[in-house]
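Here is the structure we will look at.
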Amino acid sequence: MNAGVGPAIAECAKKGLSSAGYVEREADALAIGNKRGNFGYAMQTNVNYSVTVRTPDGTGSGWARADGTRMSEVDFSAAGRYAIDKAVMSQKPRRLEPGKYTVVLEHAAVQEMVPQVFGAFNARNAEEGRSYLSKKGGGTRVGEKLFSEKITARSDPFDPRNPSQPWSGNVATQLSGVGQFFFGGGGGGGASFLPSQKMLWIENGVVKNLAYNRYWAMKKGVAPTPNPGQGLILEGEDHSVEDLIKSTERGLLVTHFFYIRSLEPRTVLYTGLTPAPQVAQAQGDAAREIVRLAGELASELIVMGTRGLGAVHHALIGSVALKVAQASPVPVVLVP
């Protein structure tokens, strides 16, 4: 057992809390190449620690994550303590009415949102009017101040805080993803596997550059540039999450997101989930209890999975999902 994980498990046992998590270590050797001599080789390592802690009554939940490129960079103990504290403090939540709130994002939530924002720094998308960096009437918004002056973003593959591979683009590292292999580059929307280099994307809130893959650079007569995904460094003020919470009179704290999907790239509109649900346990008829609990919790939507066993099975045995859909006073979404 990892020395940093043990204390968190022991503390959970002492306080009567349930915990689950994993430590994932990965070491990869990556290579790209084509018949025209474009070749690259690199090695990389990653460590990820994720832990979830729940209270016995199921109303309190805490989650934390820590990662790095080396085991020595990951503070396992701090992540465990944070998850425990959040589980205890979040017990017996109160209903929060819909409205506009100030939101404080924890590190993991920011890490999950940043790629969505910088995915728009594709020159072709911007020039063809398909991103928030497209200017109304034509052109791009390079040179405009679109972010807070506190924000500066740059790519630096040599920065030890976020080291990257020596080229722009991802290579599959598992057999299940063998279809993701792409040698050479040059397609209309691909990463082109260009050499990584230092690039300034945002300076004091002003958009400075866009990424041109080989294809679009050739069309526009400019030099190709790698995308912002490699070695991205986001600079800002030196405040902790605790400082942001203290400065917020009333707001929401979001730990992390899940299943983020783009709805409208031209306005940076995304949808997603915050995967820390309230868990309830009940005995009796499953469909009746689900409808009852949904009413007690003032739920506005019920989402249920179906096994797709067919009409004959439903007629003989019955379907919980179908019964809920028929009896629920709120909308029900069935996911096969």
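What follows is calculated from the coordinates using simple rules that are stated; it is not laboratory data. What you see is a predicted model, and the numbers here were worked out from it, not measured in a lab. For neighbour counting, all protein chains shown are included, and Cβ atoms are generated from backbone atoms with ideal geometry for every residue, glycine included.
Quick look at the numbers
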{"item": "Simple label model, 7 Å out from Cα along Cβ direction - GLU242 to GLN197, nm", "result": "4.3"}
{"item": "Approximate spin-label separation LEU96-PHE158, in nm, with each point projected 7 Å along Cα-to-Cβ", "result": "4.4"}
{"item": "Volume per residue that the Cα convex hull of the stretch 47-119 spans, once the total is divided by residue count, Å³", "result": "123"}
{"item": "Cα gyration tensor shape for the stretch 94-156, rounded if a/c is under 1.5, else prolate or oblate", "result": "prolate"}
{"item": "Subset of LYS145/LYS220; LYS145/LYS246; LYS150/LYS208; LYS15/LYS86; LYS136/LYS208; LYS145/LYS208 violating a 20 Å alpha-carbon distance limit", "result": "LYS145/LYS220; LYS145/LYS246"}
{"item": "Mean ellipticity per residue at 222 nm, deg cm²/dmol - from DSSP H runs of n ≥ 4 across the chain, formula -39500 (n - 2.57)", "result": "-6500 deg cm²/dmol"}
{"item": "Residue-span extension gain [GLU149 to ASN204] - 0.36 nm each, minus C-alpha spacing", "result": "19.4 nm"}
{"item": "FRET efficiency for VAL222 and LYS35, using Cβ-Cβ distance with R0 set to 30 Å, rounded to 0.05", "result": "0.70"}
{"item": "Farthest toward positive dipole pole in the stretch 1-94 [+1 Lys/Arg, -1 Asp/Glu at C-beta], among ASN38, ILE9, ALA20", "result": "ALA20"}
{"item": "Cα-projected label distance for THR267 with ASP85, points at 7 Å along beta-carbon direction, nm", "result": "3.8"}
{"item": "Three-way shape call for the stretch 223-270 based on the alpha-carbon gyration tensor, with the a/c threshold at 1.5", "result": "oblate"}
{"item": "Residues GLU127, GLU296, GLU26, sorted so that the one with the fewest Cβ neighbours within 10 Å comes first", "result": "GLU296, GLU26, GLU127"}
{"item": "Label of the coordinate-derived value, Rg and Dmax of the Cα atoms in Å, listed as (1) 24.0, 69; (2) 20.0, 58; (3) 18.5, 54", "result": "(1)"}
{"item": "Net length gained if the chain between MET71 and VAL333 were fully extended (0.36 nm per residue, minus Cα distance)", "result": "90.1 nm"}
{"item": "Residues with amide H under 5 Å from that of ALA211, placed H, sequence gap 5 or more", "result": "ASN122, ALA123"}
{"item": "Cβ-based exposure ranking for THR248, THR102, THR55, in which fewest neighbours within 10 Å come first", "result": "THR102, THR248, THR55"}
{"item": "Choice from ILE302, ILE202, ILE233 showing the highest fluctuation, given a GNM over the chain with Cα pairs closer than 10 Å", "result": "ILE302"}
{"item": "Within a Gaussian network of the chain (alpha carbon springs, distance under 10 Å), most fluctuating of ALA83, ALA109, ALA321", "result": "ALA321"}
{"item": "Relative contact order %, the chain, counting alpha carbon pairs below 8 Å whose residues are six or more apart", "result": "15"}
{"item": "Cα gyration tensor shape for the stretch 24-164, rounded if a/c is under 1.5, else prolate or oblate", "result": "oblate"}
